[in-house]
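Visitor: If you scroll down you'll find the structure; I have some questions about it.
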Amino acid sequence: VTLEKYLGTNDQAASAALQAALGAKWTANHRLQGVAYLYARLTYSESAFPRGLPVITMDVDGRLLFDPRVGGSPTVYAFSNNPALAIRDYLTHARYGRDIPETSIDDTSFIAAANHCDELVVAPDGAGGSTTQKRYTCDGVVDTSRTLIENLRDLMTACRGFLVFSGGTYKLVIDKAETVSTFAFTEDNITGAWSISTGSKRDRVNRVKAK
């Protein structure tokens, strides 16, 4: 069994083994830049494969994402299943995403959203007990044949999020409980008179017929 894995980097070279095996059908130009793939070649052997060809499966982590919470230079990319970081990556990526400039991303909102997603919460462990896990994770696959807005909607369902375009930047807002300040109405801060209307007889319904 011969296995070669390619991680989809922008500078990856074409598989030399595939070029040797396929000749002109697979050349140095077949680099599959940006595409992760596995080349597997199996030499038939009745003793090695008594039940036929094996089923090849893989556990795959996704793209390396930029995390605005991590400072320093050069920019650090690492695997993450944080939905906020995945949404940010999809918005800014030029090949398969929206190609939005970094300057149009409100990183303050994305940092707050990413922190909320990473918070540990108590969840059932399936055995009658409990365990802790991240509040939200994103472990799906983006289908580039679908529209950008469809993929964005799917990504945002992973964290109950929605995008707001305000002041020339995109902000990620997560539907979550917020601490609100209280405000007391007094005679000093009420301006004008109160007017409460309950509606007239003309506006009220005394019978409804459904069809």
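The values are calculated or read from the model by the stated rules, or taken from the named source; none is laboratory data. These figures come from a predicted structure and were not determined experimentally. Note that we place each Cβ from the backbone using ideal geometry, even for glycine, and neighbour counts take in every protein chain shown. For accessibility, only protein heavy atoms count, side chains too; no ligands or nucleic acids. Shrake-Rupley method; radii C 1.70, N 1.55, O 1.52, S 1.80 Å.
Visitor: May I ask you to list the residues in the stretch 55-72 that are assigned to a loop (DSSP other than H, G, I, E, B) and either touching a residue at least 12 places away in the same chain (Cβ under 8 Å) or among the basic types (K, R) (or both)?
Guide: I56, M58, V60, D61, G62, R63, D67, P68, R69
Visitor: Consider K171 against the criteria (1) open to solvent by less than 70 Å² (accessible area, probe 1.4 Å); (2) farther than 30 Å from G34 by Cβ: it satisfies all of them except one. Which criterion is unmet?
Guide: Among (1) open to solvent by less than 70 Å² (accessible area, probe 1.4 Å); (2) farther than 30 Å from G34 by Cβ, the lone unmet condition for K171 is (2).
Visitor: Working only within the stretch 107-123, note down all residues that are over 14 Å from P83 (Cα atoms) and in contact with a strand residue (DSSP E or B) (Cβ under 6 Å, 6 or more places away or on another chain).
Guide: L120, V122, A123
Visitor: Determine the pairs where a residue that is under 11 Å from Y90 (Cβ atoms), located within the stretch 147-162, has a partner that is of a type in the set (V, I, T) and assigned to a loop (DSSP other than H, G, I, E, B) with Cβ atoms under 7 Å apart, the partner being 6 or more residues away or on another chain.
Guide: That search, which allows pairs on different chains as well, returns N151/V142.
Visitor: Pairs under 7 Å by beta carbon, first residue closer than 19 Å to F162 by Cβ and part of a helix (DSSP H, G or I) in the stretch 97-125, partner hydroxyl-bearing (S, T, Y) and open to solvent by 40 Å² or more (accessible area, probe 1.4 Å), six or more apart or different chains?
Guide: The qualifying pairs are S104/Y170; C117/Y136.
Visitor: Moving to a separate point now. List every residue pair whose Cβ atoms sit under 7 Å apart, with the two residues 6 or more apart in sequence or on different chains, where the first one lies in the stretch 166-182 and is of a type in the set (G, A, S) and the second, anywhere, is surrounded by 10 or more Cβ atoms within 10 Å (Cβ to Cβ).
Guide: G168/S104
Visitor: Looking at the stretch 5-21, which of the residues that are in a strand (DSSP E or B) and open to solvent by 100 Å² or more (accessible area, probe 1.4 Å) is modelled with the lowest pLDDT?
Guide: By that ranking, first place goes to L7.
Visitor: Take the residues in the stretch 22-53 that are among the basic types (K, R) and surrounded by 11 or more Cβ atoms within 10 Å (Cβ to Cβ); name whichever of them is modelled with the highest pLDDT.
Guide: Taking the candidates together, the pick is R31.
Visitor: Considering the stretch 148-163 alone, what residues qualify as being open to solvent by 30 Å² or more (accessible area, probe 1.4 Å) and under 20 Å from S104 (Cβ atoms)?
Guide: L148, I149, R153, F162, L163
Visitor: I would also like to ask the following. Just give me the residues in the stretch 148-187 being polar (S, T, N, Q) and touching a helix residue (DSSP H, G or I) at 6+ places or on another chain (Cβ under 7 Å), in sequence order.
Guide: Residues satisfying the conditions are N151, T169.
Visitor: Is it fair to say I100 is hydrophobic (A, V, I, L, M, F, W, C), closer than 19 Å to I149 by Cβ, within 17 Å of the chain's Cα centre (by Cα) and crowded, with 18+ Cβ neighbours inside 10 Å?
Guide: No.
Visitor: All but one of (1) open to solvent by 60 Å² or more (accessible area, probe 1.4 Å); (2) touching a residue at least 40 places away in the same chain (Cβ under 8 Å); (3) among the β-branched types (V, I, T); (4) not in a loop (DSSP other than H, G, I, E, B) hold for T144; state the number of the condition that does not hold.
Guide: That leaves (4) as the condition not met.
Visitor: A further question on this structure: Condition first: in a loop (DSSP other than H, G, I, E, B) and under 12 Å from the mean Cα position of the chain (by Cα). Now tell me which residues in the stretch 147-183 satisfy that. If you could, list the steps in order and put the result at the bottom.
Guide: Taking the stretch 147-183 first, the residues in a loop (DSSP other than H, G, I, E, B) are 147, 158-160, 167-168, 175-183.
Across the stretch 147-183, the qualifying residues are A158, C159, R160.
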